[in-house]
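Only one structure is covered here, and it is reproduced in the block below.
Coordinate-derived values only; no laboratory data. Quantities reported herein were computed from a predicted structural model and do not represent experimental measurements. Quick reminder, even Gly has a Cβ in these numbers, built from the backbone with ideal geometry, and neighbours come from all protein chains shown.
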Amino acid sequence: MMKNQRPVSSLALLSAALLFLLQPIPAVGFSSDPNNGTDFIRTSCGATLYPQLCYSSLSGYAKAVQQNPARLARLAIRVSLSNARLMVGYLSNVSSQADYGSEPRAPAALHDCVTVFGDAVDQISGSLKQMRELGYGGAGGSVRFRLSNVQTWVSAALTNENTCTDGFEDVPDGAVKTGVCDRVVKVKEVTSIALALVNSYVSKVTTV
């Protein structure tokens, strides 16, 4: 026995025990790494036509999405719906307040835009409802039937948004045309992202 060896104090033992107990315990079957969700979103956005916009608009919800493609598709639809609704409000305000000046054809084009964007909002709303009901099984149709509806309606919404800008092709350049078309382009990009992520999710479901 070494004479210079000091006995371990009870305080030291207690401190060591507390340090052990305070160590974080990893959850079984769950990754708490915050990068998992953002990496998943970044990779998923690579399948869209606008990966940078996709990532910037959705990555803030990485914690909620984690690595769930259904949640990501649903989120993208919700973002698309929000943008479409804002566009309807903008179009309504412009149509009632704009000074058309050299754009005499603009009122008719604006009226058509309000109509088709109203339809787009209804279609995207229906798609979001279908996505939310996926977990409830057969009431109202199978999962694949619901997803087919989602694909059809988001695609139709994108077509309606394109119709809005198409209606301005014969309108001379001006403040109204520029303001509307520039904003519609951004809304179309967001809807395109939603459709791409829905299609990606559908491909995963149908191959299971």
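The table for this structure:
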quantity: For region 81-206, size of Cβ-based charge dipole, Lys and Arg +1, Asp and Glu -1, in debye; calculated: 760
quantity: Cross-link partners of LYS186 among aspartates and glutamates (Cα-Cα below 13 Å; sequence separation of 8 or more within a chain); calculated: GLU161
quantity: Gain upon complete extension [SER203, THR43; 0.36 nm per residue less C-alpha separation]; calculated: 56.0 nm
quantity: Lys/Arg +1, Asp/Glu -1 at C-beta; region 81-206 dipole; positive extreme among LEU158, LEU86, VAL202; calculated: VAL202
quantity: Relative contact order computed over region 81-206 (Cα-Cα under 8 Å; 6+ residues apart), in percent; calculated: 33
quantity: ARG71 paired with LYS186, simple spin-label distance in nm, labels 7 Å along Cα-to-beta-carbon; calculated: 2.8
quantity: Two-site label geometry, SER96 and THR152: point separation in nm, points 7 Å out along Cα→Cβ; calculated: 3.5
quantity: Proximal lysines to LYS63, defined as alpha-carbon separation beneath 25 angstrom and excluding residues fewer than eight positions away on the same chain; calculated: LYS129, LYS204
